[in-house]
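Below: the structure, in structure tokens.
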Amino acid sequence: MRLADKGVLQRGKPVTFSFNGRHMMGLEGDTLASALLANGVHLVARSFKYHRPRGILTAGSEEPNALVTIGSGAQRDPNIRATSQEIFDGLEAHSQNCWPSVEHDIQAVNDLAAPFFGAGFYYKTFMWPAAFWEKVYEPIIRKAAGLGALSGQADPDACEKAYAFCDLLVIGSGPAGLMAALVAGRAGADVILAEEDFRMGGRLLAEVEQIDGMPGVDWVAQVLEELRSLDNVRLMPRTAITGAYDQGTYGALERVGHHQPRRANLPRECFWRIVAKRAVLAAGAIERPIAFSNNDRPGIMTASAVRSYLNRWGVAPGQRVTLFANNDQAHHTARDLVQAGLHVAMVVDSRHDAPDSELYPVMKGAQICNTSGRKRIDSITVRSVAGEERIQTDCLAMSGGWNPTLHLTCHLNGRPQWNRDIASFVPTPGAVPGLVSAGACNGEFATAGALREGAEAAAQVLSDLGLEAVKTDLPVAGDDPYNIAALWAVPGKGRAWLDFQNDVTVKDVKQAATENFSSVEHMKRYTTQGMATDQGKNSNVAALAVLADATGRGIPETGTTTFRPPFVPVSIAAMGAGAAGQGLKPQRFLTSHLASKELGAPAIEVGLWYRTSYFPEPGETTWRQSCDREVTMVRDHVGVCDVSTLGKIDIQGPDAAKLLDFVYTNTFSTLKLGKVRYGLMLREDGFVMDDGTTARMGEHHYVMTTTTAAASQVMAHLEFVRQALRPEWDVQITSVTEQWAQFAVAGPKSRELLNGMLGEQIDDASWPFMSCGAVDVLGVKGRLFRISFSGEMAYEIAVPARYGDALFRELLQRVKTLDGGVYGMEALNVLRIEKGFLTHAELNGTVTAFDLGMQGMVSKKKDCIGKPMSTRPGLMAEDRERLVGLKPIGAVKQLTAGAHLFNPDDPVERIYDQGYVTSVGFSPTLGHSVALAFLKNGPDRIGDEVRLVDHMRGIDAICEVVSPVFFDPEGGRARG
Amino acid sequence: MRVTCPNCGERDRREFYVKGAALARPAADAALDEWHDHVNLRDNPAGEVHELWFHEMGCGAWIDVCRNVVSHEVISTAWVSDLGGTR
Amino acid sequence: MADLISLSPCDGLLPVTIGSVTLSEDLPDAMTSLAPYAGQEKALSAALEAAHGMGFPAINRSTGKAGARAIWFSQGMALVQGVVVAPELTEFAALTDQGDAWAVVRLDGDGAEDVLARLVPVDLRRQSFKRGHTVRAELAHMMASITRVGPDAFQVMVFRSMARTLVHDLKTAMAAVHARG
Ligand SMILES: [Zn+2]
């Protein structure tokens, strides 16, 4: 019920929303929880395990009960806390984990069977038979227990990520946070004030108290107005700091679109990474329930939540309220209710020395031992020295004291410390470097103290940052004592709930202790206490206290509570923001991409690159037909292929040759101007890193090519050698991969094709095999390399990338006149396998120069990276798996990469493994499949038979071991 | 985690590639055992380590990063090129 | 003999305006990287000043102005944009033509900072990143060069082959910033 003249939310702006299909009215500034209470709705949810009716326990993000599903269809968001969700016109909310409705939930029968469902029930019951677990038990349990469900459809909404930077991050906008922001802001510090709530002010919005002679809410408004006027202060409402990370990095989740109707492009959430030189944690505290029998009925709330609904939202949570407390502060709830004209039936205080009041009756030294009311509380039973007494009530406020919200101080492994005076844990100073705690999260629960600690924390930060503080007077505020006497659980029969969200009772924790799960970590896992969306915010300390009691230890001896990120649930969508579809990773497109697409040619991903697989001709229905044609076309006539993805590195300087000699196994200082040489590069551990060709373009100028796969690795490696190992060398390197569009022109007619396009005619004398130089290509300055990855007479022609599209289209036209065409990756692969040329299928990080038969390329005359280690006996052993070719000679003609090799008479078992296949293709040139493989003692077994087995694809083929060079072993075709 | 690049200033860890321990490269003719030690054996102390970081997404500098692997404190960073070519 | 037609990296993709921010392609007349040889830093800077009226930029800074600018481009390297570098500079530095290697876009308008804050893990707000400042940094998993070229204007560069991703990611961020209003 809404009260007139109560509450601090905007009046006069009604909002229509629906809950479980029922339309209701609320006010702008309402949460779903406050609006439901205003509409008299207390039964909101069903519990996780027993499907017990549950209401609204809290008024913050720690809410364990009132989880609802917002929206419908693909846009459904499950497990949203009604206490955080703002209402807006058209908001649609539904109860979850209940059927057919929250009022009548069939699985509430679980509650009757509760004696069987205690801690460890699942572990003990669903053990055997093991095969039943996945197929029978788990689906049933998942269906019965649990939280809300996902829609199962793709999420149509986007989230976003962003970065922010500041001198000071203030976490929380209660008295401590506002004071810290004000002091730092006035001094000119670059401040971010982040507040989880949509309205700043913290508890000051929910308490009746005066600051500097004005209502706390007015003081908040005044401070916020000043902060808004400062350019150096950034206010971030609806932003929960989710985690503290190294070097002052904080994760934060901002709710951007959840509180308004959906709009195009408006993100639902933004996941921030905030980098702060300093932080002030002013996150407040969370009030804890007391465990007693049936303490979980709708209508039972924390005392501070009752004050929040009353003072902030002007909602009376009941007409006949009772209070159960163990501290002075909770009595404010009774005071505020009475002053608002509501009836307080009884204040039950467990302390014998609890304060009296003229406003409401107080029973001292008494405890609530039971409640009744199925869908909403209707009475409490109070036990005192006078015996048991039943009192009618429709709302019970309870307070077992407060737990500082110190979660972030645990994120870098900090352990909180027990403070006997407040019967709770407080942060360990310095647990997060650069972060200072102030106010309630630091165990200072009085407003005056919080204001002071906030100001002091800011002053400390300013001094650290070398900024001058502007004198700021501390406002005058309340300093009421807290006076708590710990009470965790009321003894007695019946189930007393500790963890509302996971349906964990005092009895469950005691049972864990009895079964020797007496470490707090074991207890939590055995009982599931502290899991799911609230992560034990409401129950950790009390569960620890009950465990301490059950094991006869003190609380600090029993353990401590720790918390990991995130502080509030973060959707995977927010963490993966921007990564859907094209945002997953950069896409690199060749200059020939568009023209290839116009030809209907499919592209395949090669790392980040998109390369053309094959170019289908009319009538071709499979890739193999196109590939076979393209291979034959290159062997017989001429083909053109975009090879721009190969890494290209410009190397210049007087010591360029030294660098090459050091990173390659072979020598490049002897390479003549205008010549190209194949080179092999090792890692320092002696294994092959990469291969490629390097051209000498000038006296001190080389251009290195790398494989596509290793381009960035080789670049980093060269920089490493240049900067770390040989900084005294005068050599500069620059990646020019993207500068040049480069096309292979391969086949017997390649020169004929080029001669129609170059400024000067070329022949074998002017451009012999492995030569290079500058050329004029249709009026553009380009480069020409006489190199071959196909075994044919071939060139690679390069032009600045802006002409790549035009040159490709030009080549496309001209090559047709020579019975040639363009070819793709599939044909390129077959052409190189036929020749035994290598790619990273072979250079897989486990092979040596010796394995490739290239040990002769490791120069004996000079040092190079990897040379010492490559000489280890194990890397030169004859029985290593070494490169060979394979061809099928049995009934099965298909070969597969990844297949393993066995001797024909051996069992097909791992210990008999003789090697593996790296590359395969069908050679139209030879008329059979060809494969490259690594085989034990490979080169010594040419002519032998091996058995190729691929269990994955069901291939079992007999092969002959042959030379890896299937075609033109003398290399005459390439030399022309 | 944030590391200070001597060129670019403090940057997010995502911009860097980490190679591993910063070690002096043995002489080319050093005994194989010494090479084996260099390539394969690491002390793994619970405390300060020197590592080689590459500012791959930034300026391309190789950096010697001294950090405490227990506290995660970054103690110092320096251009490897200033360390005399022994890394 | 057919002349080859040149295409820009963002051909057909730009310009685009969303809200107050405009993204357009820049096509500097030339781009050349300059990496001074050992001990030649000062001589190179003097020669650059003499030939093109701008010094070799300090780390994270640029020199010159629109049309002829030198931006710090990486460890020991600058990129000269807009002018064809005088050949005599080869005496002091390794010169490499980069004129086709990079997609260059200009992000301009109120809110440009907010757009980049969604993609770049570096503080690019005007109080810390002033006109003439430049960084090499990650932009949505791409190696980028970002220079403030005006009060609300940035030059953003990534590898040419990634032009489409750059435009896609910037447009997405522009739309999100605009949608917040
Ligand atoms: Zn850097």
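The values are calculated or read from the model by the stated rules, or taken from the named source; none is laboratory data. Just so you know, these numbers come straight off a predicted model, no measurement behind them. Glycine also receives a Cβ, built like all others from the backbone with ideal geometry; neighbour counts cover every protein chain displayed. Keep in mind that these areas ignore ligands, DNA and RNA; they rest on the heavy atoms of the full protein, side chains included. Shrake-Rupley method; radii C 1.70, N 1.55, O 1.52, S 1.80 Å.
List of remarks:
- Rounded, prolate or oblate (a/c below 1.5 giving rounded, otherwise prolate when a/b exceeds b/c) for segment A:910-968 by Cα gyration tensor: oblate
- For the protein assembly as shown, convex hull of alpha carbons as volume per residue, Å³: 200 Å³
- Ranking A:GLY773, A:GLN319, A:THR239 by how far each Cα lies toward the positive end of the dipole of chain A (charges on Cβ) leaves A:GLN319 at the top.
- For segment A:754-787 versus segment A:377-424, the inter-centroid distance based on Cα atoms is 85 Å.
- Between A:LEU926 and A:SER766, the FRET efficiency estimated from the beta carbon spacing at R0 = 41 angstrom works out to 0.75.
- Over all other residues within a Cβ to Cβ distance under 15 Å of A:ALA765, the charged ones net out to +1, with Lys and Arg as +1 and Asp and Glu as -1.
- Straight-distance crosslink candidates among aspartates and glutamates, where the alpha carbon sits under 12 Å from A:LYS524 and sequence neighbours closer than 8 are dropped: A:ASP499, A:ASP508
- Carbon + sulfur, % of accessible area of segment C:31-97 - ligands and nucleic acids excluded, 1.4 Å: 57 percent
- Delta accessible area of at least 30 Å² on complex formation, residues of segment C:116-152, 1.4 Å probe, chain isolated as reference: C:ALA117, C:ARG118, C:PRO121, C:VAL122, C:ASP123, C:ARG125, C:ARG136, C:GLU138, C:HIS141, C:MET143
- Rel. contact order, % - alpha carbon contacts under 8 angstrom, at least six apart, segment C:58-181: 25 percent
- Span-like helix check, chain A: qualifying full DSSP H segments, with Cα axial length of 24 Å or more and mean Kyte-Doolittle of 0.0 or more, are A:447-465.
- Heavy-atom surface analysis with a 1.4 Å probe gives chain A a carbon and sulfur content of 53 percent of its accessible area.
- Reduction of at least 30 Å² in accessible surface, 1.4 Å probe, comparing all protein chains with the chain by itself, residues of segment B:16-59: B:LYS19, B:ARG25, B:ALA28, B:LEU32, B:TRP35, B:VAL39, B:PHE54, B:GLU56, B:MET57, B:GLY58, B:CYS59
- A 1.4 Å probe run over the protein chains yields, for chain A, 38 Å² of accessible area per residue, whole-number rounding.
- Per-residue accessible area (protein heavy atoms, 1.4 Å probe) orders A:TRP418, A:TRP609, A:TRP488 as A:TRP418, A:TRP488, A:TRP609, starting from the largest.
- DSSP beta bridges confined to the protein assembly as shown are antiparallel in about 80 percent of cases.
- The alpha carbons of chain B give a radius of gyration and a Dmax of 13.8, 40 Å, in that order.
- Principal-axis tilt of helix C:163-180 within chain C, Cα atoms, nearest 10 degrees: 40 degrees
- Heavy-atom accessible area buried between chains A and B is around 2200 Å² (1.4 Å probe, both sides summed).
- The contact between chain A and chain C removes approximately 4200 Å² from the accessible area (both sides summed; 1.4 Å probe; ligands, DNA and RNA excluded).
- For the cross-link pairs A:LYS648/A:LYS672; A:LYS161/C:LYS65; A:LYS781/C:LYS171, the ones whose C-alpha atoms lie over 24 Å apart are A:LYS161/C:LYS65; A:LYS781/C:LYS171.
- Column: log10 I(q)/I(0), Debye, Cα scatterers of segment C:31-97, q = 0.14, 0.21 Å⁻¹: -0.30, -0.73
- Accessible area (Å², 1.4 Å probe, nearest 10) - B:SER76: 50 Å²
- Chain C, Cα convex hull volume normalised per residue, Å³: 121 Å³
- Heavy-atom accessible area with a 1.4 Å probe sorts A:ASP661, C:ASP29, largest first, into C:ASP29, A:ASP661.
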